[in-house]
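See structure below.
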Amino acid sequence: MNVRHAKFFLLGAIALSFLVSLFANQIKSYWLFISYDIGINIILAVSLNLINGYTGQFSLGHAGFMAVGAYTAAVITNQFGELNTFASGAVFFGALLAGGLAAAIAGLLVGIPTLRLRGDYLAIVTLGFGEIIRVIFQNMQSVGGARGLSVMHGWTNFFWAFGFAAMTVYVVTALVHSTYGRGFIAVRDDEVAASAMGISTTRYKVTAFVVGAFFAGVAGGLYAHSKQFLTPGGFNFMQSIAIVVMVILGGMGNTIGVIIAAILLTLLPEFLRPVAEYRMIIYSLLLIILMLTRPQGLFSLRKSPSK
Amino acid sequence: MSALLQLDKTTIRFGGLTAVSELDLQIGAHELVGLIGPNGAGKTTAFNLITGVYQPTAGAISFDGQLTANCKPHQLTKLGIARTFQNIRLFDSMSVFDNVRTAARLHCPRGVRNALWRGRAFRDGEKEIADEVMELLEIFQLGKFRNTLAKSLSYGDQRRLEIVRALATKPKLLLLDEPAAGMNASEKTELMRLIQFIKDKFQISVLLVEHDMQVVMGICERIAVLDYGVKIAEGKPAEIRANPKVIEAYLGD
């Protein structure tokens, strides 16, 4: 991705998603909702890629961060009745940011104590964290507990989903493609050498977790206002795995690949609807075949080493 | 004037094993000191104590007049101690340029906000670092490899790159951990020339932990000898060579 034009890309993508949203009523609502899912999954996968792919910290807790953002945003917007377009936009934007911030705080809380751990140990701890979040929501009667929470407003539209997807791509790309951002990759490549080069590995890991969690939270908020119904079960371990699969399929630390993987893996189940029971089998087979044939990821193109 | 690096009766024990015992060592400004000893003498442990990987059980270490107790490795690098590794540890997935760039970042603290905003300050900063890195790479004839992946360099070039990367942190003291390991005679000669060159060009002190007598005797101004974690001798190369204790430690009695 050409970083020099990153800002233009960001503005262009946001403008484009706004334009498309103006014509959204022309699109069949079935495909429209799938497009929201695509946007949400891009946010989830690209933000997880910062943690898993670039920084090399294998996290299985992304659905947990997503849940925090989803519930926070939903609880906020549920306080409001019907609003006009402008007011609803402002409230929704605020709610999404609040959801992101809440998730970022959760990311900080998980990040700091667990960063001494590596590899599989970290994976287990983040997995446990995701489950804890889920169980907390399940037992929190004020947000419906296991019965779930209705979200009054279906405010998620093409603009919000893809505006934030563009934002996520921009932030992750801009962070990594800078001298500062090489630190993330240094931590992944060799932690000991990184700290000998004056890189505070803890600082970088926490940053990756906080930024990643923030966008997972935003994605959660979008998800809540697209489905309009939240159950804790929707944020279980399988959801985290689904995001990890997108990252691995796209190629760890390869943003474009991860975006394509997120799109494909959102569309795949739709095309597989006639054979829905086999969806998970095909999913798993795909992963096995991929890991055997292209361990570097399906879309790992040439790697531009600098810039 | 006090020494740049000062180890004062530094001791470290792992359980019942005293790996380094009451080690006194001083390195002055612009000095090339060698630390030698047979296998298992505690050279690398001493190295790890200086770079903050281990904390001493007893005694003190000070660098540039500052006690370094409880400093983490990355903080010590900031103070001016840079190191290389016995088994080369480059950032394998990055280019040669990026390897050095990562280290050069240290003294240009531009963080998240700058990277996201990408304004003028960011671009100027990036250019400044890039120029600095290229200058360093050119000095060590690595400029032509700038876009090559670090792991695809030849062994000798990897060693050189690791030293360049350490220099990019602008150290006052450079620690080299067995840089001659795995080198043949002509590469060793080249290495000796390189170390001498670095010391003069960058006006820094060098502590060389080395196995290879030819290299150590050839360039060090002063040599300290460790055996079983105890310093058994210290002096000029000629004195060390004639020291009966050293001969005994190396050849046995």
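Each value in this text was obtained by applying a stated rule to the coordinates, not by laboratory testing. Predicted, not measured: the structure shown is a model, and the values here were computed from it. Note that each Cβ is placed from the backbone with ideal geometry, even for glycine, and that neighbours are counted across all protein chains shown.
Observations on the model:
- Classification of the range A:195-270 by its C-alpha gyration tensor yields an oblate form. The axis ratio a/c (a ≥ b ≥ c) is 1.5 or more, and b/c is at least a/b.
- Seen against the Cα atoms of chain A and their longest principal axis, helix A:279-293 is set at about 20 degrees.
- Alpha-carbon centroid distance for the pair the range B:89-157 / the range A:117-192, whole angstrom: 30
- Residue with peak Gaussian network fluctuation, chain A [Cα springs, cutoff 10 Å], from A:N52, A:N84, A:N41: A:N84
- Using alpha-carbon coordinates, inclination of helix A:29-48 to the longest axis of chain A, degrees: 30
- Prolate/oblate/rounded call for the range A:6-62, Cα gyration tensor, a/c under 1.5 rounded: oblate
- Kyte-Doolittle mean at least -0.5 and Cα axial length at least 20 Å: DSSP H helices in chain B: B:120-139, B:185-202
- Mean per-residue shielding of peptide B:112-124 is 4, counting Cβ atoms of other chains within 10 Å of each Cβ.
- If R0 is taken as 60 Å, the Cβ-Cβ distance between B:K245 and B:H107 corresponds to a FRET efficiency of 0.90.
- Ranked list, fewest to most other Cβ atoms within 10 Å of each Cβ, for A:L44, A:L264, B:L67, B:L25: B:L67, A:L264, B:L25, A:L44
- Relative contact order (%) - chain A, alpha-carbon pairs under 8 angstrom, separation at least six: 34
- For chain B, alpha-carbon Rg relative to the globular expectation (2.2 N^0.38 Å, N residues): 1.06
- Net charge, A:F158 excluded, C-beta distance under 15 Å - Lys, Arg +1, Asp, Glu -1: 0
- Surface/4 estimate of mean projected area, convex hull on alpha-carbon atoms of the range B:156-211, nm²: 3.5
- Where both bridge residues fall in the protein assembly as shown, DSSP classifies roughly 60% of the beta bridges as antiparallel.
- Across the range B:1-130, the mean sequence separation of Cα contacts (distance under 8 Å, 6 or more residues apart), normalised by length, yields a relative contact order of 20 percent.
- The residues packed around A:I263, meaning those with a beta-carbon under 13 Å from its beta-carbon, carry a net charge of -2 if Lys and Arg are +1 and Asp and Glu are -1.
- Angle in degrees between helix A:158-176 and the longest Cα principal axis of chain A, rounded to the nearest 10: 10
- Taken along the Cα-to-beta-carbon direction at a fixed 7 Å, the label points for B:K188 and B:M213 span 1.0 nm.
- Summarised in one figure, the compactness ratio Rg/Rh of the protein assembly as shown, Cα atoms and Kirkwood Rh, is 1.07.
- Whether the range A:119-211 is rounded, prolate or oblate, judged on the alpha carbon gyration tensor where a/c under 1.5 counts as rounded: oblate
- The protein assembly as shown, helix-only ellipticity at 222 nm - DSSP H runs n ≥ 4, -39,500 (n - 2.57), divided by all residues, nearest 500: -18000 deg cm²/dmol
- Local net charge near B:M217, Cβ-Cβ under 14 Å (Lys/Arg +1, Asp/Glu -1): 0
- Short-range pairs are left out: with C-alpha atoms under 8 Å and at least six residues apart, the relative contact order of chain B is 28 percent.
- Rounded Å value of the spacing that divides the Cα centres of the range A:1-79 and the range A:195-212: 24
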